[in-house]
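Below is one structure, written out as C-alpha cells; the observations come after it.
The values are calculated or read from the model by the stated rules, or taken from the named source; none is laboratory data. In this text the structure is predicted, and so the values were computed from the model without any measurement. Here the Cβ positions follow ideal geometry from the backbone for every residue, glycine too, while neighbour counts run over all protein chains shown. With ligands, DNA and RNA removed, areas are computed over all heavy atoms of the protein, side chains included. Shrake-Rupley method; radii C 1.70, N 1.55, O 1.52, S 1.80 Å.
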Amino acid sequence: MNKPVTADIEALSEPLTFPVEAYISEEYARAEGDKLWAKVWQHAGRVEDIPNVGDYITYEVGTEGFVIVRTTPDTIRAYYNVCSHRGRRLVDPPAGANCGQGHKNQFVCGFHGWRYDLDGNCTFKLDEPDWKGALNDQRTHLNAVKVDTWGGWIFINMDPDCVPLREFLEPAAGILDPFEFEKMRYKWRQWVIFDCNWKGALEAFMEPYHVAGTHTQLLTHGDYYAYSAAYGLHGVSGFDQRDPSFKMKQSSTITRAGKGKDARISTYELQNEIYTTVNNASTTETLVNAARRLVDELPEGTAPEAVIKHWLASAKADDAARGVIWPTITPEQMSVAGLAWHIFPNMAVLQGITFALCYRARPYGDNPHKCIFESYAIERFPAGQEPKTSWVYADPVAEKWGLVLSQDFSNMASVHKGIRSRGFRGTLPNPHQERKITNFHRNLAEYMGTGAPKLLD
Ligand code: FES
Ligand SMILES: [Fe+2]
C-alpha cells in the first residue's frame, strides 16, 4: 500500500474520534492476521541478534511464526516456521520465551526428521521414493518471506507484492538516518505480557500528554506540552515550543535545560532524573556525568542555550575519548526528528544522539485482550565493549523497569477495562498532542477496511 511520504503536520488537527473495535473485538483481532500483519513490514529482530552464519531467531506475530537466519556474512533469510511435510513448527521457541535464538547448520524437523539447509532447501526426506517422484523443490522448500534491514533492525514482510522496505519506512527513515541506529547495540532488553490490546500498550508511549497525569514527579523538571505530527503511515511527537527561550520545536531530552533558575543545575537534575527513573535509558552515563560537572565548569548565570551547548560539547569529547564518536546531526535535523516516533504498525523509537529507547507490542495469538510487550535500550558503545544481553521476562514493577516505565505500565490493563465498558462513549484524542494516535487509527482503518476517525459531533 502506497502512502504519502510528506509531513502532514496539520492533518488530524480537528477533534476526531475512532471506534474501539480495534482494541476489543475478537473478530477484528482475527482479521488483523490477514489484513494487517500479512501486508506490512514489521520489525522482527536486530541484526546483532544473528552475527554469524547459521545464527537464527524466531519471531511470532499473532498466529504466524518465522525463522530468520543468517545464511552468508551478508545475507539474512526469513522463512515461515513451518515444516513442508505435515506442517510442524520447524523450530520451537523455548517455552515461556518471547522469541527463540540459536545457531544451526541445518534445521531438522522434530516430527519425521526432514532436514533443511540454511537456504531453505529440503535436503532429506525419509523414504522419499514412497512419493514416486512427486516431491520437487517447489513443494518442499521452506516458504520464504521478504526480509530487509534498516537502522540495524531486521524487518520481514509476508506480502510478496509489498513495496520496498525503504519506501514503507519513509519519510521516517530519512528523518532518522542521521542517528545511525545501526551503530547502536542493545544495552538491556526486557519483555512482559499485558492484559490489554497491543495497540493500547504501544499508545502508552506515543504521546507526552500523559506526563502530567502519570509521571507527576517529572513536572518539577520541565514543561511537557507536546506536539505530534503525522508522516504518512508513521508519526512523531515531541515537546512544543511554549518556552520562548527555545527558538525551534526543540524536543529531545538532550536539548532541554530542565526547569529552574540555574540551567547548570536543572540540566543535571533532569538528566539524572531520567537516567535513574527510565531504567538507565533515554540518556547516557556520559551525558549525566557531563551535566553533573556543569556547576564547576560554568559561571552562575550562564544562559540556558550556552549551558546546553557546553554540556553537549563536553559530553561529545568525553565519549570521543573512550572511542564513541557522535554522528553529525544538525540542530534542524534534531528538531525535525522530535522525541518519539511511531513506526507503523507496532514499533516505537525515542531517539537521542547516541541512544534510543524502543518498544514493540505484538498481539498475543488472536486474543485482543492480551499482548506481548517488549522494550529495549540501544546505545553506541566503544568497539568490543558492547554488553552481552538477552531477553529477560520482567514483572512490570519499578524495581525491574524503573519508576517511569512502571507508571506507564499501571495504565495498560485499566485502560483496556475502561474501553470495554458499555459506559465508555468513545475515544477523545487530543487534536494537538495525540494526533500520532489518531494517525495510527487512520492508517489501521485503511488496512482493515474499517471506520476511519471521524469528526466529533
Ligand atoms: S512434519 Fe516435519 S518431518 Fe513431518
Ligand atoms: Fe510515560
Self-check item: Solvent accessible area, Å² - residue 308, 1.4 Å probe, full protein context
Solution: 20
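Are there trypsin sites (Lys or Arg not before Pro) in the stretch 82-190 that DSSP marks as loop and that have at most 11 other Cβ atoms within 10 Å, and which are they? Kindly include the intermediate steps, with their values, before the conclusion.
Working: sites: 86, 88, 89, 104, 115, 125, 132, 139, 146, 166, 183, 185, 187, 189; in loops: 86, 88, 89, 104, 125, 132.
Answer in residue order: 86, 132.
What Kirkwood hydrodynamic radius, in Å, does the stretch 204-358 give when the mean of 1/r is taken over all pairs of distinct Cα atoms and then inverted?
One over the average 1/r among Cα pairs gives 15.9 Å for the stretch 204-358.
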Quiz prompt | Computed over the stretch 42-161, Cα set: Rg, Dmax in Å | solution = 14.3, 48
Exercise. Sequence neighbours fewer than 8 away in the same chain don't count; with that in mind, list the lysines whose C-alpha is under 19 Å from residue 400.
Key: 187, 388
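Are any of the pairs 261/316; 39/199; 199/454; 199/309 more than 28 Å apart by Cα-Cα distance, and if so, which? Intermediate values should be presented prior to the final figure.
Details: 261/316 25 Å; 39/199 17 Å; 199/454 19 Å; 199/309 38 Å.
Listed pairs above 28 Å: 199/309.
Please say if the stretch 258-340 is rounded, prolate or oblate, where rounded means a/c under 1.5 for a ≥ b ≥ c the square roots of the C-alpha gyration tensor eigenvalues, and otherwise the choice is prolate for a/b larger than b/c and oblate otherwise? Write out the running numbers ahead of the final one.
Numbers: a/c = 1.26, a/b = 1.23, b/c = 1.02.
Rounded is the answer for the stretch 258-340, as its axis ratio a/c remains below 1.5.
From the C-alpha gyration tensor of the stretch 286-439, pull out the three semi-axes of the equivalent ellipsoid (sqrt of 5λ each), sorted largest to smallest, in whole Å.
Working: eigenvalues 262, 88, 50 Å².
Computed over the stretch 286-439, the values are 36, 21, 16 Å.
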Quiz prompt | Hz values of 3J(HN,Hα) by residue in the stretch 163-178 - Karplus curve (6.51, -1.76, 1.60), Gly and Pro given as x | solution = 6, x, 3, 4, 5, 4, 7, 6, x, 4, 4, x, 5, 8, 3, x
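Might you tell me the accessible area per residue for the chain, computed with a 1.4 Å probe and given in Å²? Kindly include the intermediate steps, with their values, before the conclusion.
Values: 19810 Å² over 457 residues.
Ligands and nucleic acids excluded, the figure is 43 Å² per residue.
Translational D (Stokes-Einstein, µm²/s) of the chain at 25 °C and 0.890 mPa s when Rh comes from the Kirkwood sum over C-alpha pairs? Kindly include the intermediate steps, with their values, before the conclusion.
Numbers: Rh = 23.4 Å.
Translational D for this selection: 105 µm²/s.
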Quiz item: Can you list the residues, at least 5 places off or on another chain, whose amide H is less than 5 Å from the amide H of residue 152, using H built in the peptide plane?
Solution: 182
Self-check item: Taking the chain and dividing mean pair separation by its residue count, relative contact order in percent (alpha carbons under 8 Å, at least six apart)
Solution: 24
Practice problem: Would you pull out the residues with amide H under 5 Å of residue 101's amide H, same chain only if 5 or more places away, H placed 1.01 Å from N? | Solution: 58
Self-check item: 25, 421, reordered so the largest accessible area comes first (probe 1.4 Å)
Solution: 421, 25
Exercise. Could you check the simple spin-label distance between residue 130 and residue 183, using points 7 Å along Cα→Cβ, in nm with one decimal?
Key: 5.7
Quiz prompt | residue 227 accessible area, assembled protein chains, probe 1.4 Å, Å² | solution = 20
Quiz item: What Cys residues in the chain are without a partner cysteine, judged by a Cβ distance under 4.7 Å?
Solution: 99, 122, 162, 196, 358, 371
Quiz item: Which three lengths, in whole Å and largest first, does the stretch 371-457 cover when its Cα atoms are put on their principal axes?
Solution: 57, 27, 25
Quiz item: Residue by residue through the stretch 363-369, which ³J(HN,Hα) values in whole Hz follow from phi under the Karplus form 6.51 cos²θ - 1.76 cosθ + 1.60 (θ = phi - 60°), with glycine and proline marked x?
Solution: x, 9, x, 10, 8, x, 9
Quiz item: So for 454, 388, 309, 39, what's the accessible-area order with a 1.4 Å probe, most first?
Solution: 388, 309, 454, 39
Self-check item: With DNA, RNA and ligands ignored, accessible area of residue 53 (1.4 Å probe; Å², nearest 10)
Solution: 60
Quiz item: Long-range amide H contacts for residue 187: which residues qualify at under 5 Å (H placed 1.01 Å from N, peptide plane, sequence gap of 5 or more or a different chain)?
Solution: 377, 378, 379
Quiz prompt | Per-residue HN-Hα couplings for the stretch 89-105 [Karplus 6.51, -1.76, 1.60; θ = phi - 60°; Hz; x = Gly/Pro] | solution = 3, 6, 10, 7, x, x, 4, x, 10, 7, 6, x, 8, x, 9, 9, 8
